[in-house]
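Comments concern the structure below.
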Amino acid sequence: MNPHTPPAFSYTPIGTIHSPFTEPTGMPIQPAGAAGIRGTILIDDRFREGLRDLSGFSRIILIYAFHRSQGYELEVIPFLDTVPHGIFATRAPRRPNAIGLSVVQLISVNGCELVIEGVDVVDGTPLLDIKPYVPEFDCHPEEKSGWFAGCRERVTGMRADDRFCGKGNESEK
């Protein structure tokens with residue numbers, strides 16, 4: 001192995017996210033635009049014990065694979081702007097490592113099924129991990145938000161088009 005080549009990683013999904021969205025086009029681009037939209041997560045039974053105490057949290061962080069995303073561009077025009085930005089200054093799904101995250105409301109835990117609200121992913125999305133949302137760790141409203149600061153009011157009504165779906169400059173989230 002070349003000492004300058006980083007190791008490749010392999011992940012095994014712990015479950016599957018189910019939502020009303022069968023296609024990326026037309027779905028909310030962030031959980032803030034998915035208020036009231038419910039979905040479920042089916043956790044593989046071998047991870048059942050890992051759900052212990054999760055019901056004590058009102059929100060959870062979902063880490064998942066953008067499984068329908070192919071390729072990437074290092075500069076993209078995001079949904080909320082009309083000028084290009086570096087991929088790492090956006091939340092576009094076509095990335096060097098197609099990993100997404102969403103903070104959703106946890107409605108209930110029923111065995112290996114989680115009911116969530118604020119879902120903004122395509123039905124059948126592979127779930128890689130869950131972390132509890134803890135405001136003392138995760139909430140920093142005083143921080144700068146770069147180019148996004150001028151777009152905040154548009155996020156709740158914005159819906160995905162097809163710009164991040166395939167091999168061109170196209171979307172899944």
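Coordinate-derived values only; no laboratory data. Everything numeric in this text was worked out from a predicted model, so none of it was measured. All Cβ positions, glycine included, derive from the backbone under ideal geometry; neighbour counts span all protein chains shown.
Computed quantities for the displayed model
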read-out	value
Extension reserve of the PHE47-GLU23 stretch, reckoned as 0.36 nm per residue once the Cα distance is removed	5.8 nm
Segment 8-125: radius of gyration over Cα atoms, expressed as a fraction of 2.2 N^0.38 Å	1.12
Ranked packing of 128-135, 87-94, 101-108, most packed first, by mean Cβ within 10 Å	87-94, 101-108, 128-135
Neighbour cut-off at most 10 other Cβ (10 Å), DSSP loop, chymotrypsin sites (Phe, Trp or Tyr not before Pro), segment 1-73	PHE9
Fully extended contour minus Cα-Cα distance, from VAL115 to THR82, at 0.36 nm per residue	8.3 nm
